[in-house]
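Student: Sharing a structure here in structure tokens format.
The values are calculated or read from the model by the stated rules, or taken from the named source; none is laboratory data. Fair warning: this is a prediction, and the values are worked out from it, not measured in the lab. Note that we place each Cβ from the backbone using ideal geometry, even for glycine, and neighbour counts take in every protein chain shown. To get the accessible areas, we keep the full protein, side chains included, count just its heavy atoms, and leave off ligands, DNA and RNA. Shrake-Rupley method; radii C 1.70, N 1.55, O 1.52, S 1.80 Å.
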Amino acid sequence: MIRKIWKNLIIIGILLFLYLPIMILAVYSFTDAANIGAVRGFSLHNYVTLFTTPELVNMIVGTLLLALGASVIATILGTLGAIGAFYSKKGAASVIMTMNQVPVVNADVVTGFSICILLVVVLGISKDTYIPLVAGHVTLCAPFVFLSVIPKLKQMDSSIYEAALDLGATPFTALVRIVIPQILPGIVSGFALAITLSLDDYFVATYTKPATFDTISTYVVNATKGAQTNIKTALWALSTVIFLAVVLFTVVMTVRAGKEQKERNGA
Amino acid sequence: MHKYRFSRKSLGVPYALFLLIFVAAPLFVLIYYAFTNGRGQFTLQNLTGFFSDPNTLGTLFYSFGIAFATTVVCLLLAYPTAYVLAASRLRAKSVLIMIFIMPMWINFSLRITALKEILTWLEGSLAYHPFLNTVLGMSYDFLPFMILPIYTTISKLDGALLEAAKDLGAGDAQAFLRVTLPLSLPGVISGVSMVFLPAMTNYVVLDMLYNSTYIMGSLIGSYFSAYNWHGGSMIALILLGIICLFTLLTGGMEEENTRGGALL
């Protein structure tokens, strides 16, 4: 009995530590208070500011577009790379795998800084072209796509591919119709991972972004140093919106996973 | 006419080129810059400068201090949590795990903002406890990365081993100390490397919580702001060396990459 109470206390304690700050901020985002702790009336003005201030809207849209663009490129490159490496000779494959591991274990500060040195300082590419920023984010994300596709290739039944060739399919057709569908779950989770990595990035963006462009992370970090109260509290609203989006996404995913499980059990 | 023959191997060529240009080449440029001065001459000054300046050495030790404290706090919080989660027979366990992972998907700067507002309210001013606040902030940020690998290894443990230990007369405590704990070490090591290294470099948490001291990551930031590419490259290289050393020490035991595995 006592043991059970302890177990519940641990779980509840950690959940409070993880969620209480976000929850309290969410509650205060619906008031016109400038600081946590002040008791003020209900207000939606933070949400109005968030969605009507051009600077804030541009920053949110920019972050989303960057995440989407970089993730699409990273997914294509990483998937093709994984297929290529999987069918290459051991030596070539291990070179690719080793290079792939570098951005994974490396600190993002070092990744961002080194890409900035090469592209901006040595090659003289202007940051305003967005090339360093996109290249940086693709470098950050593609290795994780690669890593989530490789296990699916290993699980794949290779005899189906050979059967397709025997039945007259060209290697290209067999790849598109046999291999890709089998590794699709890996591609999808790699893409989702790429999106979250790009959305959460601060370091690569700081070292490679144009001066006039901001992602959510770089904007928030600069805004907390400034003293503009209405911007500060509008970011509470942004935090709440993202929190709700993540909760909604998780609920949908969990329900769908549960349904699939049931169907599989039923069949 | 030369007929193009499609091969699956050739699909890897674009990615291999990409890795050469954006992963390998930047590293070589980094090494070149770290060992040259502004006029392009070879020099060891960036290296000796780092290890003879009390300020930069102090930063190195302070980074280790912050990272060590953060790792200990995360471990103390994460191990019991992962253990309880793995041992629970709840049917909704997978949902519970999702709830522990979910914070990783909320932008970290916004989460630190939330923590900062709460700490300001509780402490009056963040200036009173900069070290404590930083360790709290980093633990808040990195805790899920410690819970997940430990949870994964404990839940994969063979329950028969525990039963065998009990049949042979071990008490609960003894069974935990001599079966569960040693077998969960790979998860602990993987979690430690997921927390320790970012804690040495994520200077944004430090900045946002108004801790005016420096960690290794902040040094790169300050050289970057001063356009000192040579000094910055040396710091990046030293940091890379620490990362390599740490990865070699903990490698082999790491089963899967959790930053990636978290989503599946």
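Student: Might you check whether a residue that is in contact with a Leu (Cβ under 7 Å, 6 or more places away or on another chain), open to solvent by less than 60 Å² (accessible area, probe 1.4 Å), of a type outside the set (S, T, Y) and modelled with pLDDT under 90 occurs anywhere in the range A:241-248?
Tutor: No, there is no match, as no residue in the range A:241-248 is in contact with a Leu (Cβ under 7 Å, 6 or more places away or on another chain), open to solvent by less than 60 Å² (accessible area, probe 1.4 Å), of a type outside the set (S, T, Y) and modelled with pLDDT under 90.
Each row is one residue, and each column tells you yes or no for (1) within 30 Å of A:Q155 (Cβ to Cβ); (2) in contact with a Phe, Trp or Tyr (Cβ under 9 Å, 6 or more places away or on another chain).
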site	(1), (2)
A:V179	yes, yes
A:A211	no, no
A:G226	no, no
A:W236	no, yes
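Student: Out of curiosity, is B:F50 open to solvent by 20 Å² or more (accessible area, probe 1.4 Å), hydrophobic (A, V, I, L, M, F, W, C) and either more than 7 Å from every other protein chain (Cβ to nearest Cβ) or part of a helix (DSSP H, G or I) (or both)?
Tutor: No.
Student: Right, something else. Name the pairs whose Cβ atoms lie under 7 Å apart, with the first residue in the range B:138-166 and more than 30 Å from A:P21 (Cα to Cα) and in contact (Cβ under 8 Å) with a residue 40 or more places away in the chain, the second in a helix (DSSP H, G or I) and among the small types (G, A, S), and 6 or more positions between them or separate chains?
Tutor: Every condition considered, no pair remains.
Student: Quick check on my filter: what residues within the range A:142-160 are β-branched (V, I, T) and under 18 Å from A:M97 (Cα atoms)? If you could, list the steps in order and put the result at the bottom.
Tutor: Taking the range A:142-160 as the starting set, the residues that turn out to be β-branched (V, I, T) are A:145, A:149-150, A:160.
A:V145, A:V149, A:I150 - these are the residues of the range A:142-160 that are β-branched (V, I, T) and under 18 Å from A:M97 (Cα atoms).
Student: Testing B:A170 on (1) more than 22 Å from A:F17 (Cα to Cα); (2) within 14 Å of another protein chain (Cβ to nearest Cβ), one condition comes back false. Which one is that?
Tutor: Evaluating B:A170 over (1) more than 22 Å from A:F17 (Cα to Cα); (2) within 14 Å of another protein chain (Cβ to nearest Cβ) leaves (2) as the failure.
Student: Further question: Quick one: in the range B:17-46, which of the residues that are among the hydrophobic types (A, V, I, L, M, F, W, C) and at pLDDT below 90 is most open to solvent (accessible area, probe 1.4 Å)? Can you show your working first?
Tutor: Kept after step one, since they are among the hydrophobic types (A, V, I, L, M, F, W, C), are these residues of the range B:17-46: B:17-25, B:27-31, B:34-35, B:42, B:44.
Then keep just the ones that are at pLDDT below 90; that gives B:42, B:44.
On the way: B:F42: 153, B:L44: 86 Å².
Among those residues, the one meeting the criterion is B:F42.
Student: When B:A92 is evaluated against the numbered criteria (1) surrounded by fewer than 18 Cβ atoms within 10 Å (Cβ to Cβ); (2) modelled with pLDDT of 90 or more, which criterion, by number, is the only one it fails?
Tutor: For B:A92, the failing item is (2).
Student: Counting only residues that are open to solvent by less than 10 Å² (accessible area, probe 1.4 Å), in contact (Cβ under 8 Å) with a residue 40 or more places away in the chain and assigned by TED's automatic domain parsing to the domain that holds A:P103, give me the helices (runs of 4 or more DSSP H) lying completely in the range A:134-234 with at least 3 of them.
Tutor: Working: elements: A:158-166, A:171-174, A:180-200, A:203-208, A:216-225.
Hits in the range A:134-234: A:180-200, A:203-208.
Student: Still on this structure, please answer the following. Only residues that are within 14 Å of B:K9 (Cα to Cα) and either of a type in the set (S, T, Y) or not in a helix (DSSP H, G or I) (or both): list them for the range A:74-111, please.
Tutor: Selection gives A:T79, A:Y87, A:S88, A:K89, A:S94.
Student: Now for a different question. Go through the range B:69-90 and count every residue that is within 12 Å of chain A (Cβ to nearest Cβ) and either more than 17 Å from B:L157 (Cβ to Cβ) or in a helix (DSSP H, G or I) (or both).
Tutor: Initial filter on the range B:69-90 (within 12 Å of chain A (Cβ to nearest Cβ)): B:73-74, B:76-90.
Checking the rest, the ones that are also either more than 17 Å from B:L157 (Cβ to Cβ) or in a helix (DSSP H, G or I) (or both) come to B:73-74, B:76-87, B:90.
Number of matching residues: 15.
Student: While we're looking at this one, here's another question. Quick one: which of A:I83, A:I60 is more than 9 Å from every other protein chain (Cβ to nearest Cβ) and touching a residue at least 60 places away in the same chain (Cβ under 8 Å)?
Tutor: A:I60
Student: Something else: Taking only pairs six or more apart or across chains, which ones have beta-carbon atoms under 6 Å, a first residue in the range B:202-220 that is part of a loop (DSSP other than H, G, I, E, B), and a second residue that is polar (S, T, N, Q) and open to solvent by less than 10 Å² (accessible area, probe 1.4 Å)?
Tutor: Once the first residue is part of a loop (DSSP other than H, G, I, E, B) and sits in the range B:202-220, its partners that are polar (S, T, N, Q) and open to solvent by less than 10 Å² (accessible area, probe 1.4 Å) give B:L209/B:N133; B:L209/B:T134; B:N211/B:T134; B:I215/B:S63.
Student: Next question, about the same structure. Of the numbered conditions (1) farther than 26 Å from A:S217 by Cα; (2) open to solvent by less than 50 Å² (accessible area, probe 1.4 Å); (3) touching a Phe, Trp or Tyr at 6+ places or on another chain (Cβ under 7 Å), A:L80 fails exactly one; give the number of that condition.
Tutor: (2)
Student: Spot the failing condition for B:I66; the list is (1) within 12 Å of chain A (Cβ to nearest Cβ); (2) touching a Leu at 6+ places or on another chain (Cβ under 9 Å), and only one is missed.
Tutor: Every condition holds for B:I66 apart from (1).
Student: Is it the case, given these coordinates, that B:S109 is small (G, A, S), within 9 Å of another protein chain (Cβ to nearest Cβ), open to solvent by 60 Å² or more (accessible area, probe 1.4 Å) and out of contact with any Pro (no Cβ under 9 Å at 6 or more places or on another chain)? Even if it seems obvious, please write down each step before you answer.
Tutor: Working: small (G, A, S): yes; within 9 Å of another protein chain (Cβ to nearest Cβ): yes; open to solvent by 60 Å² or more (accessible area, probe 1.4 Å): no; out of contact with any Pro (no Cβ under 9 Å at 6 or more places or on another chain): yes.
So B:S109 fails the test.
Student: Being at the interface with chain A (Cβ under 7 Å from one of its Cβ atoms) and of a type in the set (A, V, I, L, M): is that true of B:V95 here? Explain how you work it out, then say what you get.
Tutor: Details: at the interface with chain A (Cβ under 7 Å from one of its Cβ atoms): yes; of a type in the set (A, V, I, L, M): yes.
For B:V95, the condition - at the interface with chain A (Cβ under 7 Å from one of its Cβ atoms) and of a type in the set (A, V, I, L, M) - is met.
Student: Is there a residue being within 12 Å of chain A (Cβ to nearest Cβ), charged (D, E, K, R) and surrounded by fewer than 16 Cβ atoms within 10 Å (Cβ to Cβ) anywhere in the range B:174-192?
Tutor: no
Student: Would a scan of the range A:202-213 turn up a residue that is touching a Cys at 6+ places or on another chain (Cβ under 7 Å) and either modelled with pLDDT of 90 or more or on the phi > 0 side of the Ramachandran plot (or both)? Step through it out loud before you land on a result.
Tutor: Looking only at the range A:202-213, we keep the residues that are touching a Cys at 6+ places or on another chain (Cβ under 7 Å), and these are A:207-208.
From the residues that got through so far, the ones that are either modelled with pLDDT of 90 or more or on the phi > 0 side of the Ramachandran plot (or both) too are A:207-208.
Yes, there is a match, as at least one residue in the range A:202-213 is touching a Cys at 6+ places or on another chain (Cβ under 7 Å) and either modelled with pLDDT of 90 or more or on the phi > 0 side of the Ramachandran plot (or both).
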